[in-house]
Amino acid sequence: MTNPKLLEAGARVEETVKRLLASNELNEELMDLYLSAAISELDASFEAFEDGELEAYLMAYLETVRREQ
């Protein structure tokens with residue numbers, strides 16, 4: 001038999017995630033991760049592209065991701 005306290009804990013986790021999604025906090029954290037990854041990629045690969053090319057691409061990519069949120 002499943003422990004009722006465990007079921008309650010699971011329900012609280014679900015409610016927290018739903019609240020975060022509704023408040024847009026989770027989306028902001030996700031965008032922070034995308035931005036961090038884009039900065040890392042820019043730092044690691046900028047020499048392989050024409051001046052400003054990778055930066056422009058990543059900025060457009062981040063804007064696309066932001067609109068899809």
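None of the figures in this text is laboratory data; all of them are computed from the coordinates on show. Keep in mind the model is a prediction, meaning the values are calculated, not measured. Every residue, glycine as well, gets a Cβ built from its backbone with ideal geometry; the counts of neighbours run over all protein chains shown.
Sorted by average packing, counted as other Cβ atoms within 10 angstrom per residue and highest first, what order do 53-60, 3-10 take? Intermediate values should be presented prior to the final figure.
Values: 53-60: 13.6, 3-10: 9.4.
Per-residue mean Cβ counts within 10 Å order the peptides as 53-60, 3-10.
With r as the distance between the Cβ atoms of residue 24 and residue 53 and R0 = 25 Å, compute the FRET efficiency 1/(1 + (r/R0)^6) and round to 0.05. Each step should come with its number before you reach the end.
On the way: r = 32 Å, r/R0 = 1.27.
E between residue 53 and residue 24, to the nearest 0.05, is 0.20.
Through the Karplus equation 6.51 cos²θ - 1.76 cosθ + 1.60, θ set to phi - 60°, convert the phi angles of the range 39-45 into ³J(HN,Hα) values in whole Hz; use x for Gly and Pro.
5, 4, 5, 4, 4, 7, 10
For the residue pair residue 33 and residue 45, what label-to-label distance in nm results when each label sits 7 Å from Cα along the Cα-to-beta-carbon direction?
Result: 1.9 nm between the two label points.
May I ask you to list the residues of the range 9-31 whose amide nitrogen lies under 14 Å from a point 7 Å from Cα along the Cα→beta-carbon direction of residue 66?
Within reach of a label on residue 66, which here means backbone N under 14 Å from a point 7 Å along Cα→Cβ, the range 9-31 contributes 28-31.
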